[in-house]
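The next block holds one structure in the form of structure tokens; read it before the comments.
The values are calculated or read from the model by the stated rules, or taken from the named source; none is laboratory data. In this text the structure is predicted, and so the values were computed from the model without any measurement. Cβ placement follows ideal geometry from the backbone for every residue including glycine, while neighbour counts extend to all protein chains displayed.
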Amino acid sequence: MSFKTEFPILSNCTYLNTASSGILSASITEWRKMHDQDFFLQGSNFRLLQREFLQDVRTHVAGFFHSKVENTFLVQNLSIGFNTFLDGLSTDHKFLLIASDYPSINYPVESRGFSCDYAIADEHLEQNILAKVETFKPSVLALSLVQYATGIKINLNFLKRLKENYPDLLIVGDGTQFCGTEDFNFEASGLDVLISSGYKWMLAGYGNGFVLLKDHVEKHLYQNRIKCPLPTEPFLKDRSLLSLCFEPGHLDTLNFGTLKQSILHLESLGTDFISNRLQSLGDMAKKAFASRGLLNSSVVARAEHATIYNIPTSDDINKRLHEANILVTPRGNGLRISFHVYNTIEDLEQLLNILDQK
């Protein structure tokens, strides 16, 4: 399948940078134009059905991730969703974090003064987490399902077993580098909370994200913080406490409508097609990078990995990549390479040709 018609940027460059930002499709861009044209022509009448519109978005998000609609909330990004979650918790919680995790996960926890300990994200990530759970005895495990800099991916079956063995442990996942890469059943998973932005692998542009909760999480959030009754104004009469906390004020129908359109596009491709394509391309990339000695030993040793890789670089390599119009992102001392469904074997080969030049 060729994606260049739907994603015209692919005709102008080799895009290996989804871990930084996904790209917009032609069909979604056209939908966004029509959306704003309707706003332009209708003014305030354009928002008359915004309640139904946004509920439809929630329904599509819930359907895509197999969550409950009533526990699905629309947020502008991961950071807003996670900070709102943290502000609803009692201050006596103990957090287990991943030492090298995304700053938008670790810093909000640390800056609020929660007691914290850390597991190392190496080839023994799951064993490291289990050891810390047994000794530190956290009440919350918060982690990115895929580490943003290295592509190390947590074993989801491990999280399910961990939840079964430690049912009182709240497991909170950042799905920003994961959601959109495979079929995921939230209700059947070990996660209690999943929060994600939509602008990366969901291909939904900026300004949208979501929070998914299991039923029992509600009792942990804001129950002892809110001292007054809920608003009684007619336009707020159907809002729950968590809805008012996670979704305060007006929500942008352009950005959240784009999220719905992206879900429709991913569903049209099929999650099996997406995951199989990523698995195949990711395995080829990992073997090629490993054979050239470009991967950290902890990445090579893991059986499961995302299609995100961090490889060594130099000024000469950076220059050649720029001249070849191959888009990647510096991370740490290396380059972060990432492959999505619209990438091809030819993209990988072009990158390898650059890397192999002496």
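In table form, for the structure just shown:
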{"quantity": "Any hit, region 313-329, residues being of a type outside the set (G, A, S), in contact with a Ser or Thr (Cβ under 6 Å, 6 or more places away or on another chain), surrounded by 11 or more Cβ atoms within 10 Å (Cβ to Cβ) and more than 22 Å from S100 (Cα to Cα)", "calculated": "yes"}
{"quantity": "Test: residue in region 204-216 that is at pLDDT 95 or above, part of a loop (DSSP other than H, G, I, E, B), under 30 Å from A26 (Cβ atoms) and among the aliphatic types (A, V, I, L, M)", "calculated": "yes"}
{"quantity": "Matching residues, region 153-201, being within 21 Å of I337 (Cβ to Cβ) and assigned to a loop (DSSP other than H, G, I, E, B)", "calculated": "I154, G175, T176, Q177, F178, C179, G180, T181, E182, Y199, K200, W201"}
{"quantity": "So L242, is it closer than 23 Å to V172 by Cα and among the aliphatic types (A, V, I, L, M)", "calculated": "yes"}
{"quantity": "Tally, over region 184-232, of residues that are closer than 29 Å to I23 by Cα, free of Cβ contacts under 8 Å to residues at least 60 places away in the same chain and small (G, A, S)", "calculated": "1"}
{"quantity": "Hey, V146 within 30 Å of F339 (Cα to Cα) and either outside the structural domain of N296 (by TED's automatic domain parsing) or touching a His at 6+ places or on another chain (Cβ under 9 Å) (or both) or not", "calculated": "yes"}
{"quantity": "All positions within region 94-124 that are in a helix (DSSP H, G or I) and in contact (Cβ under 8 Å) with a residue 40 or more places away in the chain", "calculated": "S104, I105"}
{"quantity": "Test: residue in region 285-304 that is in contact with a strand residue (DSSP E or B) (Cβ under 6 Å, 6 or more places away or on another chain), at pLDDT below 95, within 21 Å of Y148 (Cβ to Cβ) and not aromatic (F, W, Y)", "calculated": "yes"}
{"quantity": "Matching option when the condition is touching an Asp or Glu at 6+ places or on another chain (Cβ under 8 Å) and within 16 Å of H305 (Cβ to Cβ), among S196, S144", "calculated": "S144"}
{"quantity": "Flag for K132 being under 21 Å from A188 (Cα atoms), touching an Asp or Glu at 6+ places or on another chain (Cβ under 9 Å), crowded, with 16+ Cβ neighbours inside 10 Å and basic (K, R)", "calculated": "no"}
{"quantity": "Test: L352 is part of a helix (DSSP H, G or I) and either assigned by TED's automatic domain parsing to the domain that holds V146 or under 25 Å from the mean Cα position of the chain (by Cα) (or both)", "calculated": "no"}
{"quantity": "Scan of region 90-128 for residues that are among the aliphatic types (A, V, I, L, M) and surrounded by fewer than 20 Cβ atoms within 10 Å (Cβ to Cβ), ordered by number", "calculated": "A99, I120"}
{"quantity": "Considering residues of region 21-35 that are of a type in the set (A, V, I, L, M) and part of a helix (DSSP H, G or I) only, the residue farthest from S196 (Cα to Cα)", "calculated": "M34"}
{"quantity": "Region 71-93 - residue that is assigned to a loop (DSSP other than H, G, I, E, B) and within 27 Å of G205 (Cβ to Cβ) and, of those, farthest from the chain's Cα centre (by Cα)", "calculated": "Q76"}
{"quantity": "Filtered residues of region 300-337 (kept if part of a loop (DSSP other than H, G, I, E, B) and not hydroxyl-bearing (S, T, Y))", "calculated": "R302, A303, E304, A306, A324, N325, V328, G332, N333"}
